[in-house]
Amino acid sequence: MAETDQAPPPSDQLAALNLTDTVEKHAFSDRVLIRSIVGRPDGGAGLAGQRVRAGGWVKTGREQGKGTFAFLELNDGSSPANLQVIVDAGLAVLSKLVATGTCVVVDGILKVPPEGTRQKIELRVEKVVSLGEVDPAKYPIPKTKLTLEFLRDHLHLRARTNTIAAIARIRNALAFATHSFFQEHNFLYVHTPILTTSDCEGAGEMFQVTTLISESEKLEKELIKNPPPSEVDIEAARQVVSERGEAVKQLKAAKASKSEITASVAELNKAKENLSKLEERSKLKPGIPKKDGKIDYTQDFFARQAFLTVSGQLQVETYACAVSNVYTFGPTFRAEHSHTSRHLAEFWMVEPEIAFADLQDDMNCAEAYVKYMCNWLLDKCLDDMQFMAKSYDKGCIDRLRMVASIPFVRISYTEAVELLEEAVKGGKKFENEVKWGIDLASEHERYLTEVKFQKPVIVYNYPKGIKAFYMRLNDDLKTVAAMDVLVPKVGELIGGSQREERYEVIRERILEVGLPLEPYEWYLDLRRYGTVKHCGFGLGFERMILFATGIENIRDVIPFPRYPGRADL
């Protein structure tokens with residue numbers, strides 16, 4: 001039952017107050033989630049009379065009644081909706097409360113506002129528990145409408161905006177959906193390395209990881225501060241060793257006592273150690289260590305070249321070839337100098353791998369996974385999707401419903417090119433030439449999925465010349481068993497393939513694309529020992545968020561975007 005308007009309990013008892021289970025109190029805080037109030041079907045009206053502690057940041061605030069009270073729109077990030085809070089002037093200095101960005105924690109009683117107001121419930125404050133003030137003149141995130149480009153210059157504060165907070169909740173929901181989908185289908189989650197010595201794509205656009213530069217800088221400073229010994233210093237040390245050695249000989253010849261000889265030998269060993277250190281130090285040279293005119297990576301941290309990974313696929317295959325169904329989900333990196341709205345230097349990939357499965361199984365899994373995520377957002381994140389529909393893309397919810405409910409079109413690459421060629425003959429103009437053998441451009445992909453079919457399209461059996469070495473060679477020897485899932489708004493969302501399980505074929509493919517065999521010997525072992533038919537794909541996680549939300553730039557759907565010239569925070 002809701003409480004009546006009786007006198008409030010002391011503030012130290014409020015946190016321990018046994019609110020009914022209709023209000024979701026945070027498990028590890030003394031407040032209730034704003035979502036548990038305003039996110040109810042009745043907008044919170046059924047909670048009238050309950051006393052709660054709420055905390056959040058002021059979205060908007062204004063003094064009313066000639067400064068006798070203030071209205072605050074409070075948000076704690078749990079929901080796109082705000083909680084309206086009313087504070088009387090006797091409880092706090094109102095001018096300190098109303099500034100956008102102010103953080104407040106308040107105790108109060110929930111009440112139904114007067115008829116005709118938009119809110120279904122409001123919080124009448126009885127005590128201001130704490131206050132984190134803001135200087136409105138300096139706060140860079142005012143309540144005025146701000147562009148997403150502007151917000152990229154304030155990464156540490158942009159999550160306080162409605163848009164970025166909504167994207168964060170949608171991203172969280174899609175990550176949860178990803179794990180739920182694969183766990184429900186008996187996949188094992190495997191953590192693959194971020195540091196690698198293998199280039200999965202063969203493109204060479206990788207960030208190198210090395211300690212050689214920092215070590216050489218450290219050495220250079222050290223040599224300036226403490227110069228290496230000269231040849232004169234080393235010769236003097238050699239002379240000391242010679243003298244100490246002669247002294248030991250004389251003592252032994254004179255049959256001196258054991259203690260005298262032991263002491264003399266100790267002096268000799270000390271002189272030898274000093275000489276060795278001087279000789280070693282004299283070899284130190286400033287700069288990156290080289291051997292035969294090339295950088296000597298044997299002196300590097302891993303004793304070989306190492307990079308940030310472009311994909312966890314090759315490594316996760318080792319587990320697929322042992323425990324059957326696996327997936328990895330983590331950050332990947334490309335050192336590509338691209339400034340488009342679809343590229344990042346650091347992004348996240350979802351990469352499942354299925355043993356005892358072929359290209360058809362791969363397409364079935366990819367389609368089911370995308371549908372699952374669309375349904376998840378519609379079921380669990382509809383309020384945030386409604387915000388995105390209102391603010392950025394009116395069709396985003398309809399797009400999710402469409403993708404979730406209809407079968408994807410499946411066509412071969414050859415059929416896709418023929419359709420594009422027909423479009424060109426019919427007057428359609430593409431910036432990129434259409435002919436068999438090209439890597440389909442984004443404009444081609446979006447034409448197929450947005451214009452020609454108006455639904456998701458899976459294109460399969462691509463020319464081997466434009467695909468990676470690990471994709472299974474088809475019987476025509478011209479194409480590989482690859483597939484891309486194309487969706488409206490972003491084009492390619494997923495890229496996958498059946499992997500080449502035949503040892504001789506994949507060995508020849510590695511050589512054909514100009515890669516050295518040595519770094520891939522472990523990968524070849526998977527084909528040497530108990531090879532198995534298997535397949536997998538990679539989904540660009542940020543692209544999925546672009547598709548879902550309708551946001552135009554990929555830099556706005558990742559918390560901390562990294563791209564050429566920018567790696568803030």
Residue pairs meeting the criteria (Cβ under 7 Å; at least 6 apart or on separate chains; first not assigned by the TED database to the domain that holds residue 372, in region 387-400; second of a type outside the set (Ser, Thr, Tyr) and assigned to a loop (DSSP other than H, G, I, E, B)): none
Close pairs from region 513-524: first in contact (Cβ under 8 Å) with a residue 40 or more places away in the chain, partner assigned to a helix (DSSP H, G or I), Cβ under 7 Å, at least 6 apart: 520/510; 523/314
Leading residue by the ranking (modelled with the lowest pLDDT) among those in region 32-63 that are within 21 Å of residue 159 (Cα to Cα) and assigned to a loop (DSSP other than H, G, I, E, B): 39
Subset of region 157-198 that is of a type outside the set (A, V, I, L, M), part of a loop (DSSP other than H, G, I, E, B) and in contact with a helix residue (DSSP H, G or I) (Cβ under 9 Å, 6 or more places away or on another chain) - its residue that is nearest to residue 559 (Cα to Cα): 161
The one condition in (1) free of Cβ contacts under 8 Å to residues at least 24 places away in the same chain; (2) under 27 Å from the mean Cα position of the chain (by Cα) that residue 189 fails to fulfil: (1)
Tally of residues being assigned to a helix (DSSP H, G or I) and in contact with an Asp or Glu (Cβ under 7 Å, 6 or more places away or on another chain) across region 404-446: 2
Cβ pairs under 6 Å, 6+ apart, first in region 102-118 and open to solvent by 30 Å² or more (accessible area, probe 1.4 Å), second aliphatic (A, V, I, L, M) and in a strand (DSSP E or B): 105/129
Residue match in region 260-270 (condition: over 27 Å from residue 529 (Cα atoms), open to solvent by 60 Å² or more (accessible area, probe 1.4 Å) and aliphatic (A, V, I, L, M)): no
Helices (runs of 4 or more DSSP H) wholly inside region 293-401 containing at least 1 residues that are among the polar types (S, T, N, Q) and open to solvent by less than 40 Å² (accessible area, probe 1.4 Å): 313-323
Candidate set from region 214-239 (those that are more than 16 Å from residue 281 (Cβ to Cβ) and either among the hydroxyl-bearing types (Ser, Thr, Tyr) or at pLDDT 90 or above (or both)); member that is farthest from the chain's Cα centre (by Cα): 239
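The values are calculated or read from the model by the stated rules, or taken from the named source; none is laboratory data. Treat the numbers as computed from the prediction; the structure is a model and nothing was measured. Methodologically, a virtual Cβ is constructed for each residue, glycine included, from the backbone with ideal geometry; neighbour enumeration extends over all protein chains shown. Side chains are part of the model used for accessible areas, which takes the heavy atoms of the whole protein and leaves out ligands, DNA and RNA. Shrake-Rupley method; radii C 1.70, N 1.55, O 1.52, S 1.80 Å.
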